[in-house]
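K.L.:
My questions all concern the structure below.
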Amino acid sequence: MKNIVEVKNVTKEYKELKAVDDLSFVVKEGEILGLLGPNGSGKTTTINCILSLLNINKGTIKIFGKIMKPDAYDIKKDIGVVFQEVAVFEELTVYDNLDYFCGLYIKNKKQRKEYIEEAIALVGLENYKKFYPKQLSGGLLRRLNIACGIAHKPKLIFLDEPTVAVDPQSRNNILEGIKTLRDRGATIIYTTHYMEEVELLCDRIIILDKGKVLAEGSADELKELANMDEKITVEVDHIKETVIEKIKYFKNVHEVSLERNTLIVTYKKGKNNLSELIDLLKENKVTYSKIFSERPTLNDVFLNLTGKELRD
Amino acid sequence: MLWHNFKYSLKVLLKNKILLFWTFAFPIILGIFFHMAFSDIESSEKLDVIKIAIINNEEFDRDMFSKEAFKMLSEEEKIFSITYTDIEEAKELLKEEKITGYLLFEEGVNITVNRSGINETVLRYVVDEISSNKEIMTEFYKEGNSQMNISELKGNIKDISKENLSYTMIEYYTLIAMSALYGGILSMFITNYKLANKNAVGKRTSISPAHKGGLLLGSLLASYLVQVVGLSLLFIFTIFCLHVDYGNNLPFMILLGLIGSLAGLSLGVAVATLIKANENTKTGILIAITMLGCFLSGMMGITMKYQIDKTIPLLNKINPANMITDGFYALYYYEGLNRFLMNIISLLAFSLVMLLLSYRGLRRQKYDSI
């Protein structure tokens with residue numbers, strides 16, 4: 001697979017703040033790359049740099065093998081962008097908005113009409129063509145925002161936090177739409193701070209913090225970095241310190257913590273960890289209201305790498 | 001691309017009720033208020049004859065042109081009631097408020113008045129007019145045209161007769177100036193949509209393969225069209241509903257309206273690109289600039305225009321509202337087109353300067369921050 005985007009040693013500074021710090025990565029053809037990081041980690045700035053909207057202090061950016069510049073119209077015609085903020089005309093209907101933005105790329109009216117109908121179907125706005133943006137709910141507005149960015153069938157799509165502040169139905173619709181775009185062959189760069197979304201969608205994930213790459217790989221590869229394989233959470237009524245000490249001596253236990261009535265036990269690896277723990281609690285007559293086991297999340301990876309939560 | 005952008009810019013502008021209010025409705029509403037407020041004043045003021053004194057000294061006695069002019073304006077046109085007297089008596093008459101002012105011919109004409117008001121302004125403009133006509137006549141004589149007869153002289157002076165000297169006309173001129181400049185709100189609004197550092201839609205259009213020049217041109221043409229339609233409606237409304245008489249120079253009036261609108265458009269583009277603020281603040285700034293310009297050019301009273309002309313002439317020279325107002329004034333009151341053309345050139349220069357100042361911001365495609 002060839003490289004669609006090549007970002008090499010890119011640095012973007014705002015006075016004393018380095019928003020992007022010597023960032024390098026590539027995006028392969030047909031993949032969905034997730035840029036994951038907390039607010040202010042440099043995700044949107046990275047996208048704006050790649051799109052040549054922002055001046056960069058250092059580095060090179062290539063798209064489709066060519067240097068990206070503001071007047072690189074041959075590159076731009078194959079790019080679609082869905083910005084974090086809704087970028088539509090309040091004064092135009094859903095259909096007219098799509099016709100306007102798609103018309104910036106596709107001159108043939110007949111072809112444009114077909115593309116617009118497809119985009120409308122993709123985001124599920126068939127019943128809202130004549131609606132004005134202010135008549136749409138937040139979720140529907142986000143869908144329109146996406147449709148305006150992808151109606152011209154771009155080969156490379158940037159999706160910058162497209163599901164922020166949307167209802168679950170619209171969120172599912174948007175995520176399904178993104179999968180469809182991938183299946184059609186588009187290469188996608190997807191930024192978010194929702195780890196579930198990148199796990200669900202992305203072939204490869206880059207975790208960003210303070211404009212730097214903290215880790216890169218598939219979701220499974222990244223979870224290796226969490227230094228644990230299983231996490232068991234127990235809502236206990238009461239537990240003695242001696243019992244906690246006994247848990248610590250179990251094979252494979254990585255860490256045990258008690259915060260108020262929540263006991264969290266993390267394991268490096270191993271099988272039957274849950275049943276072993278239940279047995280111990282029973283023997284020591286520890287009563288509990290809830291017990292459950294989880295695989296590590298990307299938040300645990302982020303926590304392990306930075307000492308802070310993704311949504312801090 | 002030009003047509004595509006023109007079509008949708010037009011749709012966007014015509015769907016925005018706030019823009020339509022400022023462009024179409026507000027000038028007409030203001031025109032109705034002017035009509036209600038000033039029509040009575042105008043008709044009652046027309047009956048007044050302005051009492052003045054002229055110091056009957058040697059210089060005045062030698063100044064045949066002025067003598068003839070004031071004689072005519074007091075006898076045939078009934079603008080002035082003139083007392084020919086000496087300086088002491090004139091001062092006394094002014095002190096007792098029996099006259100509006102007196103004229104002393106001493107190395108030119110010196111006007112002495114007690115206060116600012118309509119009569120004082122009329123006196124000032126008439127004196128200025130006579131002086132400028134006298135200069136033309138003097139040049140005429142110098143060039144050997146010694147056969148200039150008194151009827152030609154009267155013809156020139158008649159242009160400033162009471163019949164035409166409607167000071168409320170200035171209010172309508174400033175109204176048109178305001179309407180032309182308010183068009184800047186349209187161009188400002190539409191330009192914002194093209195700037196990636198000001199607007200999300202601007203970001204979206206910036207990353208498209210469409211050339212920025214074509215996008216901007218299509219949008220600005222649409223805003224200019226809406227602006228000119230708004231101005232035309234104001235003309236039609238004031239002429240046919242308010243019975244305002246703008247004179248007989250319709251082609252020149254249209255030219256002034258078109259170029260005045262261009263000045264408004266360029267002002268809007270400049271505000272959009274040069275001022276770092278949100279859209280509402282920019283609209284407020286643009287309205288404030290326009291209203292201030294109109295105020296200084298006589299919207300709330302002709303004396304302001306006169307005072308600015310007299311005390312800070314540069315201010316009115318760079319004030320686009322005054323350029324438009326003065327252009328209409330020149331068309332209405334002056335025989336020649338020199339003053340009118342000067343205003344046209346000034347408006348074109350103003351537009352060019354505004355667009356040049358905006359050029360960097362308009363051309364820019366890459367930013368330090370967004």
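K.L.:
Below 16 Å, Cα to Cα, which lysines can B:Lys91 reach? Residues fewer than 8 away in the same chain don't count.
P.N.:
Candidates past the 8-residue exclusion: B:Lys51.
K.L.:
If you don't mind, another one. Within the set of other residues whose C-beta is less than 9 Å from the C-beta of A:Ile205, count the net charge using Lys and Arg as +1 and Asp and Glu as -1.
P.N.:
That works out to -3.
K.L.:
Give me the distance in nm between label points sitting 7 Å out from Cα along the Cα-to-Cβ direction at B:Lys317 and A:Ile244, one decimal.
P.N.:
8.4 nm
K.L.:
Return the single residue from B:Ala272, B:Ala180, B:Ala330 with maximal mean-square fluctuation; model: Gaussian network over chain B, springs between Cα atoms under 10 Å.
P.N.:
B:Ala330
K.L.:
Can you tell me which aspartates and glutamates have their Cα less than 17 Å from the Cα of A:Lys18? Leave out same-chain residues fewer than eight positions away.
P.N.:
Partners within reach: A:Asp209, B:Asp368.
K.L.:
Chain B: D in µm²/s via Stokes-Einstein (Kirkwood Rh, Cα pairs, 4 °C, 1.567 mPa s)?
P.N.:
D, rounded to a whole number, is 57 µm²/s.
K.L.:
Take the Cα atoms of the range A:3-224, find their three principal axes, and give me the spread along each one in whole Å, biggest first.
P.N.:
Cα spread of the range A:3-224 along its principal axes, largest to smallest: 46, 38, 34 Å.
K.L.:
Would you mind checking the tilt of helix A:138-150 against the longest principal axis of the Cα atoms of chain A, expressed as 0 to 90 degrees and rounded to 10?
P.N.:
With both axes taken from Cα atoms, the answer is about 60 degrees.
K.L.:
Take the Cβ-Cβ distance between A:Glu13 and A:Glu309 as r, set R0 to 30 Å, and report the resulting FRET efficiency rounded to the nearest 0.05.
P.N.:
0.65
K.L.:
Continuing with this model, one more query. Loop sites only, by DSSP: take the GluC sites (Glu not before Pro) in chain B that have at most 14 other C-beta atoms within 10 Å and name the longest stretch containing none of them.
P.N.:
B:164-334
K.L.:
Kindly provide the trypsin sites (Lys or Arg not before Pro) of the range A:4-64 that DSSP labels as loop, not H, G, I, E or B, and whose Cβ sees at most 12 other Cβ atoms within 10 Å.
P.N.:
Answer in residue order: A:Lys15.
K.L.:
Can I ask one more? For B:Ile29 paired with B:Leu250, estimate the spin-label separation in nm (one decimal), with each label point 7 Å from Cα along the Cα-to-Cβ line.
P.N.:
Here the modelled spin labels are 3.1 nm apart.
K.L.:
Next up: What net charge do the residues around A:Glu230 carry, taking every other residue with its C-beta under 12 Å from that of A:Glu230, with Lys and Arg at +1 and Asp and Glu at -1?
P.N.:
+1
K.L.:
Something else: Report the label-to-label distance for A:Phe292 and A:Arg260 in nanometres (one decimal), using points 7 Å from each Cα along the Cα→Cβ vector.
P.N.:
1.6 nm
K.L.:
Please go through the range B:61-115 and write out the trypsin sites (Lys or Arg not before Pro) that DSSP classes as loop and that have at most 15 other C-beta atoms within 10 Å.
P.N.:
B:Lys78, B:Lys98, B:Arg115
K.L.:
I'd like to verify something in chain B: which complete DSSP H helices, judged by Cα projection on the helix axis, reach 30 Å or more and average at least 1.6 on the Kyte-Doolittle scale?
P.N.:
Result, helices passing both filters: B:212-240, B:250-274.
K.L.:
With just the Cα atoms defining each centre, how far is the range A:67-110 from the range B:1-17? Give it in Å.
P.N.:
15 Å
K.L.:
Based on other C-beta atoms within 10 Å, arrange A:Lys210, A:Lys107 from fewest to most.
P.N.:
By the 10 Å Cβ count, ascending, the order reads A:Lys107, A:Lys210.
K.L.:
Using the count of nearby Cβ atoms within 10 Å as a rough guide to exposure, how do B:Ser66, B:Ser297 rank from fewest to most?
P.N.:
So the ranking, lowest neighbour count to highest, is B:Ser66, B:Ser297.
K.L.:
Across all directions of projection, what mean area in square nanometres is found for the Cα convex hull of the range B:183-278?
P.N.:
For the range B:183-278, averaging the hull's shadow over all directions gives 7.1 nm².
K.L.:
Just in the range A:254-294: which trypsin sites (Lys or Arg not before Pro) are loop by DSSP and have at most 12 other Cβ atoms within 10 Å?
P.N.:
Within the range A:254-294, the qualifying trypsin sites (Lys or Arg not before Pro) (loop, at most 12 other Cβ atoms within 10 Å) are A:Arg260, A:Lys269, A:Lys271, A:Lys285.
K.L.:
Determine by what factor the alpha-carbon radius of gyration of the range A:63-159 differs from 2.2 N^0.38 Å, reporting the quotient.
P.N.:
1.07
K.L.:
What's the longest uninterrupted piece of chain A once you rule out the GluC sites (Glu not before Pro) that are loop residues per DSSP with at most 12 other Cβ within 10 Å?
P.N.:
The reported range is A:17-308.
K.L.:
Please compute the length gained on full extension between A:Asp22 and A:Asp183, using 0.36 nm multiplied by the number of residues separating them and subtracting their Cα-Cα distance.
P.N.:
Here the answer is 54.7 nm.
K.L.:
Continuing with the same structure: Based solely on its DSSP helices, what 222 nm [θ] is calculated for chain A when runs of n ≥ 4 H residues each add -39,500 (n - 2.57) and the sum is averaged over all residues, nearest 500 deg cm²/dmol?
P.N.:
-10000 deg cm²/dmol
K.L.:
May I ask for the net charge around A:Arg295, where only other residues with Cβ less than 15 Å from the Cβ of A:Arg295 are counted and Lys, Arg are +1 while Asp, Glu are -1?
P.N.:
Residues close to A:Arg295 contribute a combined charge of -4.
K.L.:
Please count, across the range A:230-306, the pairs of lysine residues with Cα atoms under 15 Å apart that sit 8 or more places apart or on different chains.
P.N.:
Lysine pair count for the range A:230-306: 17.
K.L.:
What's the angle, to the nearest 10 degrees (0 to 90), between helix A:109-123's Cα axis and the longest principal axis of chain A?
P.N.:
So the helix axis and the longest Cα principal axis differ by about 20 degrees.
K.L.:
Return an integer: the convex hull volume of the alpha-carbon atoms of the protein assembly as shown, in Å³ per residue.
P.N.:
Per residue, the Cα convex hull of the protein assembly as shown comes to 239 Å³.
K.L.:
Looking at this model, which pairs from A:Lys69/A:Lys129; A:Lys69/A:Lys153; A:Lys62/B:Lys7 are more than 29 angstrom apart at the alpha-carbon?
P.N.:
Pairs exceeding the cut-off: A:Lys69/A:Lys129; A:Lys62/B:Lys7.
K.L.:
Let me ask you something else. If you find the alpha carbon centre of the range A:123-183 and of the range B:220-284, how far apart are they in angstrom?
P.N.:
A separation of 39 Å, based on Cα centres.
K.L.:
If neighbour count is taken as other Cβ atoms inside 10 Å, put B:His211, B:His243, A:His152, A:His254 in order from fewest to most.
P.N.:
With the sparsest Cβ surroundings first, the list reads B:His243, B:His211, A:His254, A:His152.
A short reminder: the numbers here are calculations on the coordinates, not readings from a lab. Nothing here was measured: the structure is a model prediction, and the numbers come from that model. FYI the Cβ positions are ideal-geometry reconstructions off the backbone, even for glycines, and counts take in every protein chain you see.
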